[in-house]
Amino acid sequence: MDFPRTKPKVLGYDPEQVDVLLQRLQRQYENPELKLVTSAVVNVAKFDLVPGGYQIPVVDTAIAKLAEIFLEREIAGLVRTSRAQVAAELSNNLREIKAVLEAGPKKSFSSQNQGFKKRDVAALLRRIELKRGALNAPDSLELRTIGFRRSRSGLDRLEVDTFLNLVIRTLHCQKALG
């Protein structure tokens, strides 16, 4: 892909690093038997910042979409090999999500300097619910690209991101099981 670049003195993602990941993703996509990249790797991809690099929001959105595609394929493969395993994972995930929703953000996530703003996280959690054993939440691409504001006494970013990844995976498991 050819992403737009920032101005020469503005920081953006290192084009070489982004291009290498995208080449691996393309090889993996074209040959699913390869184990070059998983959705988990795509989800945590980090790139150095360089002057005149690729525009960050554009790359982040593209990477989020690719992570969605890879996760969907991975779970579909799991369903083909062990539907019971995916059902068990779904059940466990729903219990974990329920515990967080019942406890609320302040009890579920640690405080962190420059963490995610508590009000933003609480607002998102209000949009996630369990009804009759099914998860209702914003679509997974929205969850991947949500922009929380930062706060001096915010919620631990890694813990919140881990929870969002759990919700995303659960949504995909639920969809794959029909």
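The values are calculated or read from the model by the stated rules, or taken from the named source; none is laboratory data. The shown structure was predicted, so the numbers you read here are calculated from the model rather than taken from an experiment. When we count neighbours, we look across all protein chains shown, and the Cβ atoms used for this are built from the backbone with ideal geometry, even at glycine. Accessible surface areas use protein heavy atoms only, side chains included; no ligands, DNA or RNA. Shrake-Rupley method; radii C 1.70, N 1.55, O 1.52, S 1.80 Å.
If you scan region 43-72, which residues turn out to be within 17 Å of the chain's Cα centre (by Cα), surrounded by 15 or more Cβ atoms within 10 Å (Cβ to Cβ) and not β-branched (Val, Ile, Thr)? Matches in region 43-72: ASN43, ALA45, PHE47, ASP60, ALA62, ALA64, LEU66, ALA67, GLU68, PHE70, LEU71, GLU72.
Restricting the first member to region 114-131 and to residues that are under 14 Å from VAL100 (Cα atoms), and the second to residues that are assigned to a loop (DSSP other than H, G, I, E, B) and of a type in the set (A, V, I, L, M), the beta-carbon pairs closer than 7 Å and six or more apart or on different chains are LEU124/ILE146; ARG127/ALA137; ILE128/ALA137. ALA40 fulfils the conditions (1) touching a helix residue (DSSP H, G or I) at 6+ places or on another chain (Cβ under 7 Å); (2) closer than 30 Å to ARG24 by Cα; (3) open to solvent by less than 70 Å² (accessible area, probe 1.4 Å); (4) assigned to a helix (DSSP H, G or I) except for a single criterion, (1). Please go through region 8-37 and pick out each residue that is open to solvent by 50 Å² or more (accessible area, probe 1.4 Å) and outside any helix (DSSP H, G or I). Result: PRO8, LYS9, VAL10, LEU11, ASN31, PRO32, GLU33, LEU34, LYS35, LEU36. List, please: which pairs have Cβ atoms under 7 Å, are six or more places apart or on different chains, and start with a residue in region 8-35 that is touching a residue at least 40 places away in the same chain (Cβ under 8 Å) and end with one that is among the charged types (D, E, K, R) and not in a loop (DSSP other than H, G, I, E, B)? Short answer, once both residue conditions are applied: GLY12/ARG5; PRO32/ARG73.
Step by step: first the residues of region 118-159, then only those that are touching a Phe, Trp or Tyr at 6+ places or on another chain (Cβ under 6 Å) and either over 21 Å from ILE56 (Cα atoms) or assigned to a loop (DSSP other than H, G, I, E, B) (or both), then the one that is most open to solvent (accessible area, probe 1.4 Å). Which residue is that?
Step one: filter region 118-159 for residues touching a Phe, Trp or Tyr at 6+ places or on another chain (Cβ under 6 Å), giving 120, 148, 154-157, 159.
Applying the additional criterion that residues be either over 21 Å from ILE56 (Cα atoms) or assigned to a loop (DSSP other than H, G, I, E, B) (or both) yields 120, 148, 154-156, 159.
On the way: ASP120: 28, PHE148: 27, GLY154: 0, LEU155: 2, ASP156: 29, GLU159: 63 Å².
Looking at residues that are touching a Phe, Trp or Tyr at 6+ places or on another chain (Cβ under 6 Å) and either over 21 Å from ILE56 (Cα atoms) or assigned to a loop (DSSP other than H, G, I, E, B) (or both), I get GLU159.
Which of the following residues is open to solvent by 70 Å² or more (accessible area, probe 1.4 Å) and touching a Gly at 6+ places or on another chain (Cβ under 7 Å): ARG83, ARG5?
Being open to solvent by 70 Å² or more (accessible area, probe 1.4 Å) and touching a Gly at 6+ places or on another chain (Cβ under 7 Å) holds for just one of ARG83, ARG5, which is ARG5.
Residues in region 166-178 that are part of a helix (DSSP H, G or I), of a type outside the set (Lys, Arg) and either open to solvent by 60 Å² or more (accessible area, probe 1.4 Å) or free of Cβ contacts under 8 Å to residues at least 40 places away in the same chain (or both): LEU171 only.
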